[in-house]
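Just so you know, all these numbers are worked out from the coordinates, no wet-lab data involved. Predicted model, so just to flag it, every value in this text is computed and none were measured. Don't worry about glycine lacking a Cβ; one is built from the backbone with ideal geometry, like all the others, and counts go over all protein chains shown.
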């Protein structure tokens, strides 16, 4: 196209967006703190259901935080969030049920 230059195109689109480094570093430090707490619990607590349930809970917290930040679901409509969370909860429940039943079958033999 004659008459259009690159400088005119950049001026009409608003230029380059500012980097979001503060948000990225905040996300990094939150995930780092949760992971460090997981390592602390892993090396200080004795094995058992309480420790496993803490790990599962902390993993879910990290997963929801990552989904909210990186998939940009933090500001979405609540029905969209629930349409993702409810099936995920059923999948987690299904996996736990399979593991418990599988362990029960192994204990019978």
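Indicate the gyration tensor shape class of segment 19-75 (rounded, prolate or oblate), computed on the Cα atoms with a ≥ b ≥ c the square roots of the eigenvalues: a/c under 1.5 is rounded; otherwise a/b larger than b/c is prolate and the rest oblate.
Values: a/c = 5.90, a/b = 1.97, b/c = 2.99.
Taking the square roots of the gyration eigenvalues as a ≥ b ≥ c, segment 19-75 is oblate.
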*Ranked by Cβ crowding within 10 angstrom, fewest neighbours first, how are 58, 71 ordered?*
71, 58
